[in-house]
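Chemist: I have a structure I would like to understand better, so I am pasting it below and will then ask my questions one at a time.
No value in this document is a laboratory result; all are computed from the given coordinates. Everything numeric here is computed off the predicted structure, so don't read it as measured data.
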Amino acid sequence: MVWFRAWMFYMTSGTTYLRSGVATLPAPRDLYGAGSAQESAVAAAWSAVSVA
């Protein structure tokens, strides 16, 4: 759901890998609320690969 929401609402055809990291950050907040486990997991995943 997170990836789909990011794709539908935060990405464009020109979104780069770096921008996709940024685009996926607000998606779990939209779906599960600020401070949710899902939001933390997405942020941690991108941080682990030095993207967002």
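Chemist: Gain in length, Trp7 to Ala48, computed as 0.36 nm per residue apart minus the alpha-carbon separation, to one decimal in nm?
Modeler: Full extension from Trp7 to Ala48 adds 12.6 nm.
Chemist: Here's another thing I want to ask about it. Once you keep just the Cα pairs under 8 angstrom separated by 6 or more residues, what percentage relative contact order results for the chain? Don't jump to the answer; show the numbers that get you there.
Modeler: Values: 43 pairs, mean separation 16.4, N = 52.
In percent, rounded to a whole number, it is 32.
Chemist: Another question, if that's okay. Evaluate Rg over Rh across the chain, taking Cα atoms for both radii and Kirkwood's formula for Rh.
Modeler: Across the chain, the Cα-based Rg/Rh ratio is 0.95.
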